[in-house]
Amino acid sequence: MKMLASLVLVGIVLFGIGAGTWAYFDDTETSNGNYIAAGTLDLVVAGENPLSSNVEYSDYVYPGWSDSTYFPVENAGTIDGKLYLDVSYTDSPGETPEPEPTPDNGELSQYLYVKIYYSDDTTFDAGEIVWEGYVSEWSGEIELGDLPAGATKYIKVEASIDGSVGNEIQGDSLTVDVTFTLEQNT
Ligand SMILES: [Ca+2]
Ligand SMILES: [Ca+2]
Ligand SMILES: [Ca+2]
């Protein structure tokens, strides 16, 4: 039986300019002492447990913009796990000022470049990058790595928009839903 702890961070909005089960059967003559104990998987992201499903922040982005943030992830349970990350996103065109090419379908996901790190500590180096690419290239859940019982690790997200990007992102917005899943190690 798989045990999952899943947390969803909803609504990172970016605007363009403008069971596990342990079974110990103790087979004795008297057949006393059989017991089954269920361990726990308890994922804590950024110190919030449970994580609010409406964490939301907004930022204004533009060609040449970049930002980064990092936060802890903790397995507060008793079973070793592996941590997975999935992302879904929605582009919106927002306003379409005169200089913006049409059709304006919302193109920010094609220009927002992201690097995701997974580290034992708060220093992050190139060898700890678990995914990088444009948001539009995201192709499904990725494995971040092991998260043993009681352990805390750190995720860093770097995001940037190249300075060569032009008017096609004016007023565009991007809503990103992020899901962390902690799965029992098998
Ligand atoms: Ca590190
Ligand atoms: Ca656009
Ligand atoms: Ca637009």
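At a glance:
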quantity	calculated
Checklist (1) over 19 Å from the mean Cα position of the chain (by Cα); (2) within 28 Å of residue 82 (Cα to Cα) applied to residue 103, failing item	(2)
Failed condition for residue 132, given (1) surrounded by fewer than 16 Cβ atoms within 10 Å (Cβ to Cβ); (2) not in a strand (DSSP E or B); (3) not aromatic (Phe, Trp, Tyr)	(2)
Filter result for residue 88 (in a strand (DSSP E or B) and surrounded by fewer than 18 Cβ atoms within 10 Å (Cβ to Cβ))	yes
First in the range 164-175 and within 9 Å of residue 95 (Cα to Cα), second anywhere and part of a helix (DSSP H, G or I) and within 12 Å of ligand 3 (Cβ to nearest atom), Cβ under 6 Å, 6 or more apart	172/108
Selected residue (only one of 106, 94 is surrounded by 13 or more Cβ atoms within 10 Å (Cβ to Cβ) and either at pLDDT 90 or above or among the aliphatic types (A, V, I, L, M) (or both))	106
Unmet criterion (only one of (1) modelled with pLDDT under 90; (2) surrounded by 13 or more Cβ atoms within 10 Å (Cβ to Cβ)) for residue 56	(2)
One residue from 95, 107, 158 being touching a Lys or Arg at 6+ places or on another chain (Cβ under 8 Å) and not aromatic (Phe, Trp, Tyr)	158
First in the range 115-141 and under 15 Å from residue 159 (Cα atoms) and of a type in the set (Val, Ile, Thr), second anywhere and at pLDDT below 95 and in a helix (DSSP H, G or I), Cβ under 7 Å, 6 or more apart	135/109
Residue in the range 93-106 that is outside any loop (DSSP other than H, G, I, E, B) and either closer than 28 Å to residue 63 by Cβ or within 14 Å of ligand 3 (Cβ to nearest atom) (or both) present	no
Candidate set: the range 114-141, residues that are under 20 Å from residue 168 (Cβ atoms) and at pLDDT below 95; chosen: the one nearest to ligand 1 (Cβ to nearest atom)	114
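Here's the yes/no breakdown for (1) within 27 Å of residue 48 (Cα to Cα); (2) away from ligand 2 (no atom under 16 Å from the Cβ); (3) out of contact with any Phe, Trp or Tyr (no Cβ under 6 Å at 6 or more places or on another chain):
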residue: 79; (1), (2), (3): yes, yes, yes
residue: 90; (1), (2), (3): yes, no, yes
residue: 101; (1), (2), (3): no, no, yes
residue: 143; (1), (2), (3): yes, yes, no
residue: 158; (1), (2), (3): yes, yes, yes
residue: 162; (1), (2), (3): no, no, yes
residue: 184; (1), (2), (3): yes, yes, yes
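The values are calculated or read from the model by the stated rules, or taken from the named source; none is laboratory data. Predicted model only: the values in this text are computed from it and were never measured. Reconstructed Cβ throughout: ideal geometry from the backbone, glycine too, with neighbour counts over all protein chains shown.
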